[in-house]
Amino acid sequence: MSAFRNRTDASASRLWTVLGAALLVLQVTCTQERNSRTIDDDPTPIGAIDMTVTTPQCMGLGCKIAACPPSGSDTVVYGKVTAPNGIDPIREAIVYVPSSGVPEEFPSEVSCEVCNSPVGGVPVTQAITGIDGTFELKRVPVTDNTPIVIQKGRWRKMTRIKVEKCERQALSAEDARLPRTQGEGGIPRMAVAVGNWDAIECVLRGVGLSEREFSAPSGSGAVHLYNNRTDGDGAPGSVNVRELLTDLKKMKQYNLIFLNCSDDTYSASLLTNAQVKKNLVDYAAAGGRIYVTDWSYDFIGQPPEFAPYICFNDNKPCTDLSPHGRFTATDGFRTGSVNPLWAEIDQSHQGGKNLASWMAMLADPSPGGKVKVVDDVGSWVLMRQTAQDQTKYPSTTWLWGTIKGERRPVTVSFDYPAQNACGKVLYSSYHTREHNESGLFPAYCPKTKLIAQEQVLEYLIFEISSCIGPIG
């Protein structure tokens with residue numbers, strides 16, 4: 001033990017000798033350097049430790065953010081984001097400046113787009129629009145060509161403006177609306193099955209999309225029209241919706257698929273195909289958005305994974321969570337409608353409160369949480385209820401209506417899968433106005449502006465095409 005202690009003491013002595021010599025050399029060197037400078041050149045006392053925290057290095061346009069006197073003032077761009085028509089406000093749109101100067105490209109297929117992931121590149125500043133579409137973007141980089149991006153889901157438009165240092169300036173109404181054409185910016189790719197009665201494509205046109213963006217599936221439009229009616233009327237190219245729903249890879253090229261209310265000419269046979277049912281589920285699970293109305297209800301009712309979310313007024317009780325009989329909810333004694341129906345917006349949740357506020361501030365408002373639904377079709381497919389187990393099969397009821405003596409949900413959406421959701425599915429018993437006349441799109445579209453029930457669907461189109469979860 002004594003030998004070990006002696007060796008340790010000797011080692012420690014040698015270590016202190018070496019450290020002392022090193023400190024002496026360091027002191028001499030520092031003294032020589034200090035003697036060769038002025039005091040102004042080297043204000044730090046010998047032996048002092050610099051405790052200054054290094055400011056993180058700025059990147060890209062982040063280096064162009066100005067410090068504005070007095071404290072609290074800022075460089076601000078403000079405005080109001082609207083639909084492509086330049087009128088209807090868009091809530092929870094993201095307004096930002098990408099660090100690199102341009103946003104990243106969207107994936108070529110649907111993907112699991114959650115709101116807390118990057119919004120197309122690292123933003124140096126961002127803001128979220130209010131229910132009225134207004135925003136205030138602070139700490140905006142000061143350049144002659146600052147990019148301002150407005151984005152709602154895969155709707156995106158970028159404009160470049162000259163930003164004045166430490167001033168407030170407005171983004172023009174033209175720059176703050178979502179794009180009407182692909183030449184103006186990003187538009188989600190959409191597929192519409194043209195039906196006999198519902199015509200959501202006419203609502204998309206009323207929202208402001210240019211008619212050039214509607215084409216046959218082989219065309220260059222953002223919206224591809226497929227045939228889903230016996231006479232083939234409406235869809236240019238007359239490509240059957242079967243070609244879409246039997247091909248999952250093709251489905252994944254579209255961010256939204258609209259299955260308009262139609263008769264059961266195609267869906268009757270399509271929904272006997274196990275691959276079609278699997279494709280619908282896999283498409284939603286990958287991040288796709290599905291819109292279904294009225295008589296097309298079996299596109300939700302027949303896939304086993306979707307069936308538990310909504311109990312339709314069909315041949316089996318709501319306790320049976322498996323798919324019920326095909327088209328049994330279209331039997332005459334099970335259907336019904338009210339014309340007009342004064343539907344109530346469900347304001348028991350924040351989404352419904354937002355919808356009611358939005359409807360009340362439109363140019364043609366629907367105040368008081370009531371929506372007038374007009375439809376001459378007397379055979380709506382009715383819902384009895386949503387899932388009794390909302391923990392396992394959660395959904396959002398947007399509108400209620402009293403039909404056939406019962407208060408029923410008339411517009412419902414759910415995220416899929418319930419856990420780790422990526423996609424969204426929307427079902428509505430009521431739909432748009434019927435076709436005014438025959439012929440190809442847009443000949444059959446109403447010649448007047450959108451009515452209240454179509455404005456609800458407009459709002460929900462932007463909601464289901466947006467990202468999953470809270471923004472931020």
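The values are calculated or read from the model by the stated rules, or taken from the named source; none is laboratory data. These figures come from a predicted structure and were not determined experimentally. No Cβ is skipped: glycine too gets one built from the backbone with ideal geometry, and neighbour counts run over all protein chains shown.
Residues to consider are S465, S438; find the one that is under 21 Å from N255 (Cα atoms) and of a type in the set (G, A, S). Walk me through it before giving the result.
Numbers: S438 fails: under 21 Å from N255 (Cα atoms).
Answer to the selection: S465.
Residues in the range 84-118 that are over 25 Å from A284 (Cβ atoms), hydrophobic (A, V, I, L, M, F, W, C) and under 16 Å from the mean Cα position of the chain (by Cα): V95 only. Filtering the range 282-292 for residues that are over 24 Å from the mean Cα position of the chain (by Cα) and of a type in the set (G, A, S) leaves an empty set.
Scanning the range 431-465 for residues that are among the β-branched types (V, I, T) and crowded, with 16+ Cβ neighbours inside 10 Å yields T432, I451, V456, I461, I464. Within the range 271-283, one or more residues are at pLDDT below 95 and either buried (at least 21 other Cβ atoms within 10 Å of the Cβ) or under 30 Å from I187 (Cα atoms) (or both). Only one of the numbered conditions (1) over 13 Å from the mean Cα position of the chain (by Cα); (2) under 23 Å from Q151 (Cα atoms); (3) surrounded by fewer than 23 Cβ atoms within 10 Å (Cβ to Cβ) is violated by I468, and that is (1).
When E201 is tested against (1) surrounded by 18 or more Cβ atoms within 10 Å (Cβ to Cβ); (2) touching a helix residue (DSSP H, G or I) at 6+ places or on another chain (Cβ under 7 Å), exactly one condition is not met: (2). Before we move on, is K372 part of a helix (DSSP H, G or I), at pLDDT 95 or above and charged (D, E, K, R)? Against the criterion (part of a helix (DSSP H, G or I), at pLDDT 95 or above and charged (D, E, K, R)), K372 does not qualify.
Determine whether the range 399-409 contains at least one residue that is charged (D, E, K, R) and on the phi > 0 side of the Ramachandran plot. For the range 399-409, residues charged (D, E, K, R) and on the phi > 0 side of the Ramachandran plot: present. Going by what's in this entry, would L362 be described as assigned to a loop (DSSP other than H, G, I, E, B), modelled with pLDDT of 95 or more, surrounded by 15 or more Cβ atoms within 10 Å (Cβ to Cβ) and of a type outside the set (D, E)? So L362 passes the test. If the condition is being under 16 Å from the mean Cα position of the chain (by Cα) and in a strand (DSSP E or B), then the range 63-83 contributes only T82. If you filter the range 219-249 down to residues that are closer than 18 Å to R154 by Cβ and not hydroxyl-bearing (S, T, Y), you find that the one that is surrounded by the fewest Cβ atoms within 10 Å (Cβ to Cβ) is G221.
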